[in-house]
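Scroll down for the structure; my scribbles are underneath it.
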Amino acid sequence: MTPELKSDITGCILAGGQGIRVGGKDKGLITLNGRYLSQHCIERLSPQVGSIIISANRNIPVYESFGCIVVQDKTDNSNGPLSGFHGALEVATTTFVAFTPCDAPFFPQNLVEKLMEPFSDEKTEITMAIVRTKHQPVFAMVKSSLENSLALFLENGGRKIRSWFDTRTCVTVEFDDKGEFMNINSPSDLEKAELWSKKNQITAYDLKTER
């Protein structure tokens, strides 16, 4: 990926959920190997994009301390991740926004590059990761120009990411399943992630790259 293209992509880490499956905790601030999940994601995503936005609705000062722009949902987060999508598209000044969830700290280091490939066709508006036939809509690349489309979808009661994607020209991008897309929804998931990171020698040093 050329430096010019990279600088035209904003990364957005989705951390605005209610964390119901983890007892209401702020998932982005759950600790894995001594660092917050959101910090792992920032370090993973930084080398792949020009800048990073965090979509969060709690603990805003903590997220701001990471040196990223923080956007909050304008309404309650009953719209789920789509509210985070809209907030990022609304403030991004780049042509593209790459989305990742805060609870999947091992996503591929070539995630953004692969999601960008289908945009060689000018008709493509959205790309979405797919792993073993399972769609991963929170791992997506979206043209910022779709902000108005998403705003209208939300105003009309739309909630599901895939349902909005289906209204646009969306292309799926297949990724191998090597564990990188594991997400953390419970204490047992966190234990598995810790074991997986040790097995694969994933450390904060490996993820840390100068921005």
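Derivation of every value follows stated rules applied to the coordinates shown; laboratory data play no part. Just so it is clear, the model here is predicted, and its values are computed rather than measured. Cβ sites come from the backbone with ideal geometry, for glycine too, and all protein chains shown count toward neighbours.
Here are the numbers for this structure:
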item	result
Nonlocal amide H pairs with Val173, under 5 Å, H built at 1.01 Å	Met128, Ala129, Ile130
Residues of type aspartates and glutamates that Lys27 reaches as a straight line, Cα spacing below 13 Å, ignoring anything fewer than 8 places off in the same chain	Asp103, Asp189
Nitroxide proxy distance, nm - points 7 Å out along Cα→Cβ at Leu152 and Arg168	1.3
Highest-fluctuation residue, Leu14, Leu29, Leu89 considered, GNM on the chain with Cα pairs under 10 Å	Leu29
Where trypsin sites (Lys or Arg not before Pro) fall in DSSP loop in region 58-133, at most 15 other Cβ within 10 Å	Lys74, Lys123, Arg132
Within region 85-175, GluC sites (Glu not before Pro) in DSSP loop having at most 16 other beta-carbon neighbours inside 10 Å	Glu122
Hz values of 3J(HN,Hα) by residue in region 183-199 - Karplus curve (6.51, -1.76, 1.60), Gly and Pro given as x	10, 10, 10, 7, x, 5, 5, 5, 5, 4, 5, 5, 5, 5, 5, 5, 4
Distance histogram for region 3-207 (every C-alpha pair counted, 10 angstrom bins, percent rounded to whole numbers)	9, 38, 39, 14, 1
Of Met128, Met141, Met182, the one that fluctuates the most in a GNM where the chain has Cα springs shorter than 10 Å	Met182
HN-Hα J in Hz across region 167-175 - Karplus 6.51, -1.76, 1.60, θ = phi - 60°, x for Gly and Pro	8, 10, 8, 10, 10, 8, 10, 7, 10
Amide proton proximity set for Cys12, modelled H, under 5 Å, gap of 5+	Ile53, Ala98, Phe99, Thr100
Per-residue HN-Hα couplings for region 46-63 [Karplus 6.51, -1.76, 1.60; θ = phi - 60°; Hz; x = Gly/Pro]	3, x, 9, 9, x, 7, 10, 10, 10, 8, 9, 10, 9, 6, 4, x, 5, 5
Under 17 Å from Lys198, Cα to Cα: lysines that are on another chain or at least 8 residues apart	Lys178, Lys208
Beta bridges per DSSP with both ends in the chain, % antiparallel, nearest 5	35
